[in-house]
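*Asks:* Supplied in structure tokens, the structure appears directly below.
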Amino acid sequence: MSFRHQNDPDLIRELLIDPGIWVVVGLSNNQEREAFGVSRWLKVELGKGLIPVHPKAETVHGEQGYATLSDIPDGTDIKVVDCFVNSEHVGAVVDDAIANKDRLLIDAIWMQLGVVDEAAADRARKVGLDVVMDTCPRIEWRGVRSAGMAR
């Protein structure tokens with residue numbers, strides 16, 4: 001029997017309120033893509049540090065882009081690798097994050113709404129990475145914000 005991933009609301013809250021850097025894989029200057037709007041929201045509304053990762057290595061929202069996670073300079077402390085790629089490609093991104101986990105101090109993988117890869121999530125968890133899957137931080141923020149107001 002295989003384990004089906006379930007998102008932990010406490011983990012989601014922790015990742016969203018932490019001021020750490022988010023790498024957004026799949027982020028380019030294409031304003032039509034969801035990654036562009038969500039990453040701008042992460043930076044402007046939540047004050048996150050951002051690192052765009054896309055084969056074009058474009059500067060986005062004023063932030064230097066890189067072609068891959070492996071191109072990000074040593075010693076960069078990354079809280080979340082946010083995956084705006086199709087489910088069939090996210091496994092490779094997760095494997096790249098696993099390979100760079102210690103070098104970049106990566107804490108978590110976040111697979112965006114509609115992005116699901118149970119095997120990749122299992123691989124990430126086995127090396128100590130936290131995993132959020134098949135949801136969007138902007139959607140989750142509504143619950144975090146309202147729960148914070150109720151406290």
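The values are calculated or read from the model by the stated rules, or taken from the named source; none is laboratory data. Keep in mind it's a predicted model, so treat the numbers as computed, not measured. So basically every Cβ, Gly included, is an ideal-geometry build from the backbone, and we count neighbours across all protein chains shown. Quick note on the areas: whole protein, heavy atoms, side chains included, nothing else; ligands and nucleic acids left out. Shrake-Rupley method; radii C 1.70, N 1.55, O 1.52, S 1.80 Å.
*Asks:* What value, in deg cm²/dmol to 500, does the helix sum -39500 (n - 2.57) over DSSP H runs of n ≥ 4 give at 222 nm once divided by the residues of the chain? Before the final figure, lay out each step's value.
*Replies:* Values: 5 runs with 61 residues, N = 151.
Value at 222 nm, helices only, nearest 500: -12500 deg cm²/dmol.
*Asks:* Return the long-range amide H neighbours of residue 50 (sequence gap of 5 or more, or a different chain), with a cut-off of under 5 Å between placed amide H atoms.
*Replies:* Under 5 Å from the amide H of residue 50: 22.
*Asks:* How about the range 1-93: which trypsin sites (Lys or Arg not before Pro) there are in a DSSP loop, with at most 10 other Cβ atoms within 10 Å of their Cβ? Walk me through the numbers before you get to the answer.
*Replies:* Numbers: sites: 4, 13, 33, 40, 43, 48, 56, 79; in loops: 4, 33, 48, 56.
Taking the range 1-93 and a limit of 10 other Cβ atoms within 10 Å, the loop trypsin sites (Lys or Arg not before Pro) found are 4.
*Asks:* Working out 0.36 nm times the residue gap between residue 34 and residue 103, then minus their Cα-Cα distance, what length gain in nm do you get to one decimal?
*Replies:* Working: separation 69, 0.36 × 69 = 24.84 nm, distance 2.87 nm.
Contour length minus the Cα-Cα distance gives 22.0 nm.
*Asks:* Within the chain, which is the longest segment containing none of the GluC sites (Glu not before Pro) that sit in a DSSP loop and have at most 11 other Cβ atoms within 10 Å? Could you put the intermediate results ahead of the total?
*Replies:* On the way: sites that count: 32, 45.
The answer is 46-151.
*Asks:* What shape does the range 101-146 have by the C-alpha gyration tensor, where a ≥ b ≥ c are the square roots of the eigenvalues, rounded means a/c under 1.5, and otherwise prolate means a/b greater than b/c and oblate the rest? Mind showing how you got there, number by number?
*Replies:* Working: a/c = 2.76, a/b = 1.54, b/c = 1.79.
Oblate, since a/c reaches 1.5 and b/c is not below a/b.
*Asks:* Can you give the accessible area per residue of the chain, in Å², using a 1.4 Å probe?
*Replies:* Details: 7770 Å² over 151 residues.
Here the per-residue accessible area is 51 Å².
*Asks:* Rounded to the nearest Å, what's the spacing between the alpha carbon centres of the range 76-92 and the range 99-151? Just the number, please.
*Replies:* 10
*Asks:* So, with +1 on the Cβ of K and R and -1 on the Cβ of D and E, and no other charges, what is the size of the charge dipole of the chain about its Cα centre, to the nearest 20 debye? It would help to have the intermediate numbers written out before the result.
*Replies:* On the way: 17 positive and 24 negative charges, 85 e Å.
Dipole of the chain, to the nearest 20 debye: 400 debye.
*Asks:* Roll a 1.4 angstrom probe over the protein heavy atoms and tell me the percent of accessible area of the chain that is carbon or sulfur.
*Replies:* Working: 3790 of 7770 Å².
With neighbouring chains kept in place, the figure for the chain is 49 percent.
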